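See below for the structure under consideration.
The values are calculated or read from the model by the stated rules, or taken from the named source; none is laboratory data. Computed from a predicted structure; not experimentally measured. Using ideal geometry, Cβ is built from the backbone for each residue, glycine included, and neighbour counts are taken over all protein chains shown.
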Amino acid sequence: MFENLSARLSGVVKTLSGNARLTESNIKDALREIRIALLEADVALPVVKQFVDTIREEALGEKVVGSLTPGQALVGVVNDKLTELMGGFNDKLNLSAVPPAIILMAGLQGAGKTTTVGKLAKRLKEAEKKKVLVVSCDVYRPAAIEQLKTLAKSLDIECFPSSVEEKPEAIALAAVDYAKKHYFDVLLVDTAGRLTIDEYMMQEIKNLHQTLNPVETLFVVDAMLGQDAVNTAKAFNDTLNLTGVILTKMDGDARGGAALSIRQVTGKPIKFIGVSEKVAGLEPFYPDRMASRILGMGDILSLIEEVQGNVDEVEAKKLMEKVKKGKGFDLNDFKMQFEQMNNMGGMGKILDKLPGNIAEKAPQVINDKMIKKNVAIIDSMTSEERRKPDLLKASRKRRIALGSGTSVQEVNQLLKQYEQVSQMMKKFSGGGIFKMMKNFKH
Ligand code: GDP
């Protein structure tokens, strides 16, 4: 996401940071670049104009001019304003209602509502330990009801039954009643969407909203729609008084404009972003982190959170105990670390969040192909060999290379890396790089 915008803006950051002095001409160049970058990213024109005006004002202000490193100071201003533009801080879901906390999902057809209901339900159940009920009020598309039912089943979440013969409000009220009787904490209500905004649909969702009086009314919108996303958000906001927005498909080639202008235009916070088709692909939206990412300064905090979410606590603890007891770090442990990288969506996803200068160098050292190869090599070893890598002499290495479709040289390379990591582990006696990263946060 944001590739072009990020490339252009991190270019501006590089130039400004490199300049000891700010002159009228390099400020002008930077402002022009920022303007073009935002327009290309499909940010709404009035938003671009206001943004560039604010930066211009600040560039001439005391904070920048009076600074010892004005270039850096201006980069700081751009970062701050970008963060502000996207809402400033992460706005959490409000679940503080008498249970069930009702969350109404609104949006056009294909925006990703049903998928997002599944993602949110999973998140609330796993991360917040909530008892969640979902229900579909889309009485026009039996397939939509079926889709939610299947999704909920795969997540082991209860889905309140509904059918196309019923009225949306009747379904919703019955679901609320059921949720109360069975002590559900949260009720997620999926609704019908149309391909475009139409009066009938708006009236229907307005009625549902009035009947349910939800604590959250979230507008789900496809980020790839660009400026159109902002227009639809505005129309829904005028009708429904939204409490938040979820931008989906941020993993696609969304230019990012919607993320930048939607807050400004609707005044409503982006609470989450959808970053994959999979149920795990939902992230809380942090404007500050997103701004740093766009400016090529990386998003280490999100990466750490992801690591925390993906590391198997039990495994990490076991490993730590083992190393502490002097039992050493063997090739099984080494393989587990590669697998954890894979669980996080591979190196591509990880690199995406690292600052540009580090990410540029990293692919030469480590990439997905290498991870797969290393796992294959370790898989071709016997369990004794994995526990005692010293056994690996020439003939065994040849057998392993053959078994894994690699060469003896590649087997040697893996063993060398293993040796290095093993040394490092002894030094830290922690639980591998992931454990080190976990500690880093505290
Ligand atoms: P609805 O009509 O609003 O309920 O939309 P759906 O939930 O059926 O989603 C429409 C399509 O968008 C499906 O193919 C989803 O898999 C896809 N989709 C939803 N969210 C995301 C996302 O964050 N990333 C990607 N890549 N696809 C998504």
| query | crowded, with 22+ Cβ neighbours inside 10 Å, at pLDDT 65 or above and not aliphatic (A, V, I, L, M): does that describe Gly267? | reply | no
| field | Lone qualifier among Glu419, Glu385 - being of a type in the set (Asp, Glu), assigned by TED's automatic domain parsing to the domain that holds Gln337 and modelled with pLDDT of 90 or more | value | Glu385
| query | Residues in the range 15-30: is at least one at pLDDT 85 or above, aliphatic (A, V, I, L, M) and part of a helix (DSSP H, G or I)? | reply | yes
| message | Can you tell me which condition Asp185 does not meet? The list is (1) touching a Ser or Thr at 6+ places or on another chain (Cβ under 9 Å); (2) surrounded by fewer than 22 Cβ atoms within 10 Å (Cβ to Cβ), and all the others hold. | response | (1)
| said: Only one of Ser292, Ser302 is polar (S, T, N, Q), at pLDDT below 90, more than 15 Å from the ligand (Cβ to nearest atom) and within 19 Å of Leu9 (Cα to Cα). Can you tell me which? | reply: Ser292
| Going through the range 177-219 one residue at a time, which ones are away from the ligand (no atom under 16 Å from the Cβ) and closer than 17 Å to Ala152 by Cβ? | Tyr178, Ala179, His182, Phe184, Asp185, Val186, Leu187
| Yes or no: Leu22 without any contact (Cβ under 8 Å) to a residue 60 or more places away in the chain and within 29 Å of Leu247 (Cα to Cα)? | no
| said: I'm told Thr54 meets every condition in (1) more than 21 Å from Asp253 (Cβ to Cβ); (2) crowded, with 20+ Cβ neighbours inside 10 Å; (3) modelled with pLDDT of 90 or more except one. Can you identify the failing condition by its number? | reply: (2)
| note | Those residues of the range 118-164 which are small (Gly, Ala, Ser), surrounded by 15 or more Cβ atoms within 10 Å (Cβ to Cβ) and free of Cβ contacts under 8 Å to residues at least 60 places away in the same chain amount to Ser136, Ala144, Ala152, Ser162
| request: May I ask you to list the residues in the range 246-262 that are more than 7 Å from Ala223 (Cβ to Cβ) and crowded, with 24+ Cβ neighbours inside 10 Å? | output: Ile246, Gly256, Gly257, Leu260, Ser261, Ile262
| request: Hey, can you tell me all the residues within the range 72-123 that are part of a helix (DSSP H, G or I) and of a type in the set (Asp, Glu)? | output: Asp80, Glu84
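Let's see how each residue does on (1) outside the structural domain of Phe219 (by TED's automatic domain parsing); (2) in contact with a Cys (Cβ under 6 Å, 6 or more places away or on another chain); (3) within 16 Å of the ligand (Cβ to nearest atom):
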position	(1), (2), (3)
Gly112	no, no, yes
Gly118	no, no, yes
Ala121	no, no, yes
Leu124	no, no, no
Lys129	no, no, no
Val134	no, yes, yes
Cys137	no, no, yes
| request: Could you check, for the range 76-90, whether at least one of its residues is touching a residue at least 24 places away in the same chain (Cβ under 8 Å), surrounded by 21 or more Cβ atoms within 10 Å (Cβ to Cβ) and either more than 18 Å from Leu295 (Cβ to Cβ) or over 24 Å from the mean Cα position of the chain (by Cα) (or both)? | output: no
| task | For residues that are away from the ligand (no atom under 16 Å from the Cβ) and under 32 Å from the mean Cα position of the chain (by Cα), tally how many sit in the range 154-176. | result | 7
| task | Out of Asp222, Asp238, report the one residue that is closer than 26 Å to Ile102 by Cβ and more than 16 Å from the ligand (Cβ to nearest atom). | result | Asp238
| message | Can you tell me which of (1) within 30 Å of Arg8 (Cβ to Cβ); (2) at pLDDT 90 or above is the one Lys353 doesn't meet? | response | (2)
